[in-house]
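The values are calculated or read from the model by the stated rules, or taken from the named source; none is laboratory data. Predicted model only: the values in this text are computed from it and were never measured. Positions of Cβ are backbone-derived with ideal geometry, glycine not excepted, and every protein chain shown enters the neighbour counts.
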Amino acid sequence: MKTYSAKLFGLAMILIGLTLDLGTDRGDVGFAQFVLGCSVTASASTPLQSVIDSAPPGSVICLNADIYLGMVRIGKSLTLLGARATIRGSSRTVVDLDCSAPATIKLEGVTITGGAIDGMIVSGKCDVSLKNVTVTGNAAAGLIAGDGALVKAETSAFTHNGQEGIRVIDAAKISLLYNYIGNNKGYGLRASGPENVIACQGNSFVDNGAAYAPPETLCQ
């Protein structure tokens with residue numbers, strides 16, 4: 001009996017170790033986090049917008065390693081947690097975050113691509129966190145933050161977009177930590193002024209139309 005229990009304990013410890021080891025490299029979400037933290041797991045066969053609309057504020061919507069069709073609109077507190085998921089647009093902007101009231105929105109482990117205009121727009125009173133997010137292959141800007149929005153982008157990539165990688169306008173503010181911003185046809189980062197950029201550390205600006213718009217102290 002003791003031998004059998006010991007074997008079961010050993011197997012459990014191996015499974016826990018594997019769970020913790022799956023990590024979040026390149027947008028992958030650890031198995032324990034992905035399974036235990038989900039309010040609902042969205043199937044790519046169901047319109048993502050309908051899942052978002054039916055989810056109560058504060059929900060965690062988990063996305064599989066699949067392609068989900070945009071555009072997607074979010075105006076309430078919500079988390080999209082992806083395991084290398086892709087949200088692909090076919091027209092307009094792929095992801096539109098517009099909050100009429102203060103709301104906290106988190107995106108992690110997601111690629112946003114294929115926008116006929118921009119990849120992502122953040123406006124209103126949204127407080128947005130992007131982690132391990134890739135915004136690429138959009139016809140205009142990768143990310144636009146405007147109005148009074150607050151955006152934090154961490155370990156993410158803004159690349160191969162038709163205009164700026166990131167544009168910050170109005171009273172919006174952005175924090176950029178350890179991101180790759182490269183191969184955009186316009187500026188890597190364009191902001192109305194230094195007051196729009198509240199933190200900028202460890203980012204790589206590579207082969208953009210220009211690294212950042214004047215004043216050039218925006219992100220040095």
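Of the residues in the stretch 195-202, not one is hydrophobic (A, V, I, L, M, F, W, C) and under 28 Å from SER90 (Cα atoms). Being at pLDDT below 95 and crowded, with 19+ Cβ neighbours inside 10 Å: is that true of GLY37 here? Against the criterion (at pLDDT below 95 and crowded, with 19+ Cβ neighbours inside 10 Å), GLY37 does not qualify. Right, GLY137: surrounded by fewer than 22 Cβ atoms within 10 Å (Cβ to Cβ) and touching a Ser or Thr at 6+ places or on another chain (Cβ under 6 Å) or not? Taking the combined requirement at face value, the residue satisfies it.
Of all residues in the stretch 187-194, at least one satisfies being aromatic (Phe, Trp, Tyr) and farther than 20 Å from VAL95 by Cα. Just one residue in the set VAL94, VAL110, VAL122 is touching a residue at least 12 places away in the same chain (Cβ under 8 Å), closer than 20 Å to ASN203 by Cα, of a type in the set (A, V, I, L, M, F, W, C) and crowded, with 22+ Cβ neighbours inside 10 Å; that residue is VAL110. Within the stretch 184-209, restricting attention to residues that are part of a loop (DSSP other than H, G, I, E, B) and within 19 Å of the chain's Cα centre (by Cα), which residue is surrounded by the fewest Cβ atoms within 10 Å (Cβ to Cβ)? By that ranking, first place goes to GLY202. Restricting attention to the stretch 153-183 and to residues that are surrounded by fewer than 24 Cβ atoms within 10 Å (Cβ to Cβ) and hydroxyl-bearing (Ser, Thr, Tyr), the residue that is nearest to LEU130 (Cα to Cα) turns out to be THR155. When ALA171, ALA139, ALA153 are checked against the criterion of being closer than 25 Å to ALA85 by Cβ, at pLDDT 95 or above and assigned to a loop (DSSP other than H, G, I, E, B), a single residue qualifies: ALA139. If you go through the stretch 174-183 and keep only what is in a strand (DSSP E or B) and farther than 20 Å from ASP127 by Cα, you end up with TYR180, ILE181, GLY182.
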